[in-house]
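Shown next, in structure tokens, is the structure this report addresses.
The values are calculated or read from the model by the stated rules, or taken from the named source; none is laboratory data. Keep in mind that this is a model prediction, so the values were computed, not measured. Neighbour counts run over all protein chains shown; Cβ positions are idealised from the backbone, glycine included.
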Amino acid sequence: MALKGAIIELHMKLYNTLTKKKQVCKPLKKGVVSLYTCGPTVYNYAHIGNLRTYIFADVLERSLRYEGFRVKRVMNITDVGHLTGDVDYGEDKVEQEAKKEKKTVWQIAEYYTKAFFDDAAELNIKKPATVVRATEAIAEQIKLIERLVKKGYAYETEQAVYFDVAQFKAYGKLSGQSLSEKLITSRGEVVEDSNKHNPADFAVWFKRVGRHANHVMHWPAPWGDGFPGWHIECSAISAKQLGQPFDIHTGGVDHIGTHHENEIAQSQAAYGKPLANIWMHGEFLVMDKQKMAKSKGSFVTLSAIKNKGFDPLAYRYLALTSHYRSQLSFSFASLTAAQTAYHNLLEEIARPRIISKHKKTNTYQKRFNLHVSDDLGTPQALAVLWEAVKDPGLSRALLLAFVKQVDMVFGLDLLNRAKKIAKEQGNIPAEVKKLGKERFAFRKANSFDKADKIRLRLVKLGYEIKDQEQGFEIKKIVK
């Protein structure tokens, strides 16, 4: 847990994409953090790059709880309105997949939602307390759009209702791109509605006309039968469930320039106050020097790595070796190395610790806490754990207590997995332990011949012994 006596509001520092600096996590409600996570668009399996972002969000929630905060976390499921162009052109992704698989849109959404949470469970990602599908919050989205229209921030054309970015002068603050730059950049994008005021204007409601005339998912609205745009759902769902403003909003770095920029604009325009106080973004997973993406076909699923014999938690371990704001280069070689390291870590935790002289206190907890509270420094925190398991002077009781605390953040199932390994290894017989102590005494007395005879005797009994600085370890030989 957090350092004893520490004031939690002054302990946790997180990097805010909006302010471009780390800041103290000081929640609006003392001791309780309101946290919103942008969820998946459920038209296909999540790839491991997507899942890295959810590991980051999970570690954030775990770290906040570790620090002593209570966390109220909400996540959306996008099951309508996300077009293939990621802005305002193309076909609805869920509808496109339904046609391809010859299923209904509802079947597609249900199937891939379940697949996402199945993958998340295998990665030990906790399911948020509140999960809301976009199709479950249509009334809230319509209400928000009505407010935007009334205040002059949204306008209607024959095809859709758009948010007028030129009316929101702070547009671009999150990405650091000015409104004028954004408008110039947007002119090169595909524009399928010539009545848009600006190319950068984004749809908050699509009418069931033109290319969307046969859209299967549709609801009545003041502007005509239709369906919501991609961005409006997160503003409506988060505000209803957490209030506005709330404390922290998370997502991937690909959300910064469009989805999150648009969320901020429509929410702040509607209610005159921020949507979230801290915005946090996980970096890309790259493979062959390119970001992993479904649109390019260059992606790997969790099932694919499992089929190659990899442990899902080895992938979680790999994700922890890189800071969430740094790109992580993926290859099967790096995953192999991570799996080896993870399993070695489990064996270190599982092994009996027969120590002649051990430390009375654990000096690692404070260092671990400082790394976690400094913007989720998991690579450094992981290094501290390795120091602890390799420390020959740390008693088993202190080590296990430390591992229990560490895994509140890491979520690697360390103690349960280590117990299974220890059970497989079997209990070290008293006779073997006695021989180990005798050998250690001979080595201290420089009687190496006698010590080696005992070592050979232990090998015949099926055990190997390894010397440590202040003791030794005995391990059953696995054939």
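Check A333, A388, A341 and return the single one that is more than 21 Å from K475 (Cβ to Cβ) and small (G, A, S).
Sole residue among the options that is more than 21 Å from K475 (Cβ to Cβ) and small (G, A, S): A333.
Across segment 100-122, the number of residues qualifying as out of contact with any helix residue (DSSP H, G or I) (no Cβ under 9 Å at 6 or more places or on another chain) and of a type in the set (V, I, T) comes to 1.
Output yes when any residue across segment 246-263 is part of a helix (DSSP H, G or I) and more than 30 Å from H323 (Cα to Cα), and no when none is. Checking segment 246-263: not a single residue is part of a helix (DSSP H, G or I) and more than 30 Å from H323 (Cα to Cα). For beta carbons closer than 7 Å, sequence separation of 6+ or different chains, a first residue in segment 394-423 that is at positive phi and a second that is part of a loop (DSSP other than H, G, I, E, B), the qualifying pairs are G411/N124; D413/N124. Return yes or no: is D79 touching a Phe, Trp or Tyr at 6+ places or on another chain (Cβ under 7 Å), touching a residue at least 24 places away in the same chain (Cβ under 8 Å) and among the acidic types (D, E)? No; evaluated as a whole, the condition is false for this residue.
Is it true that K196 is of a type outside the set (D, E), surrounded by fewer than 18 Cβ atoms within 10 Å (Cβ to Cβ) and in a loop (DSSP other than H, G, I, E, B)?
Working: of a type outside the set (D, E): yes; surrounded by fewer than 18 Cβ atoms within 10 Å (Cβ to Cβ): no; in a loop (DSSP other than H, G, I, E, B): yes.
Considered against the rule, which asks whether it is of a type outside the set (D, E), surrounded by fewer than 18 Cβ atoms within 10 Å (Cβ to Cβ) and in a loop (DSSP other than H, G, I, E, B), K196 comes out as no.
Within the option set G49, G81, G39, G85, being closer than 23 Å to V286 by Cα and in contact with a Pro (Cβ under 9 Å, 6 or more places away or on another chain) holds for one residue only, G39.
For Y317, the conditions (1) assigned by TED's automatic domain parsing to the domain that holds K13; (2) surrounded by 16 or more Cβ atoms within 10 Å (Cβ to Cβ) all hold with the exception of (1).
Going through (1) part of a loop (DSSP other than H, G, I, E, B); (2) surrounded by 20 or more Cβ atoms within 10 Å (Cβ to Cβ); (3) out of contact with any strand residue (DSSP E or B) (no Cβ under 7 Å at 6 or more places or on another chain) one by one, S267 falls short only on (1).
For segment 90-131, a residue qualifies if it is surrounded by fewer than 21 Cβ atoms within 10 Å (Cβ to Cβ) and either touching a strand residue (DSSP E or B) at 6+ places or on another chain (Cβ under 7 Å) or in the same structural domain as F410 (by TED's automatic domain parsing) (or both), and the qualifying residues are G90, E91, T113, A129, T130, V131. A single entry from L10, L28 fulfils the requirement of being at pLDDT below 95 and either over 17 Å from the mean Cα position of the chain (by Cα) or in the same structural domain as D193 (by TED's automatic domain parsing) (or both): L10. Residues that are part of a helix (DSSP H, G or I) and in contact (Cβ under 8 Å) with a residue 60 or more places away in the chain within segment 112-138 comprise Y112, T113, A115, F116, D119, A120, E122, A134, T135, I138, listed in sequence order. Pairs linking a residue in segment 325-354 that is modelled with pLDDT of 90 or more to a residue that is of a type in the set (D, E, K, R) and not in a helix (DSSP H, G or I), with Cβ atoms under 6 Å and 6 or more positions apart or on different chains, are R325/E283; S326/E283; Q327/E283; Q339/D311.
Quick grid of which residues meet (1) farther than 19 Å from I278 by Cβ; (2) of a type in the set (A, V, I, L, M, F, W, C):
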site	(1), (2)
L64	no, yes
F116	yes, yes
I125	yes, yes
P128	no, no
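Among the residues making up segment 139-167, those that are in contact with a helix residue (DSSP H, G or I) (Cβ under 6 Å, 6 or more places away or on another chain) and assigned to a loop (DSSP other than H, G, I, E, B) are Y153, Q159. Taken together, Q141, Q159 contain a single residue that is out of contact with any Pro (no Cβ under 6 Å at 6 or more places or on another chain), among the polar types (S, T, N, Q) and over 25 Å from I48 (Cβ atoms), which is Q159.
Counted as qualifying within segment 387-479 are the helices (runs of 4 or more DSSP H) with 2 or more residues that are at pLDDT below 85 and not β-branched (V, I, T), namely 414-425, 430-444. Say whether the condition of being crowded, with 22+ Cβ neighbours inside 10 Å and part of a loop (DSSP other than H, G, I, E, B) is met by at least one residue in segment 45-64. Yes: one or more hits. Could you tell me whether any residue of segment 196-210 is in the same structural domain as T19 (by TED's automatic domain parsing), over 23 Å from Y54 (Cα atoms), without any contact (Cβ under 8 Å) to a residue 12 or more places away in the chain and in contact with a Lys or Arg (Cβ under 7 Å, 6 or more places away or on another chain)? So far as segment 196-210 goes, no, none of its residues is in the same structural domain as T19 (by TED's automatic domain parsing), over 23 Å from Y54 (Cα atoms), without any contact (Cβ under 8 Å) to a residue 12 or more places away in the chain and in contact with a Lys or Arg (Cβ under 7 Å, 6 or more places away or on another chain).
Which residues, taken from segment 323-343, are over 17 Å from A418 (Cβ atoms) and buried (at least 18 other Cβ atoms within 10 Å of the Cβ)?
Residues satisfying the conditions are H323, Y324, L328, F330, L335, A338.
The residues listed here are L382, L398, L414; of these, the one that is in contact with a Ser or Thr (Cβ under 8 Å, 6 or more places away or on another chain), closer than 23 Å to A57 by Cα and buried (at least 19 other Cβ atoms within 10 Å of the Cβ) is L382.
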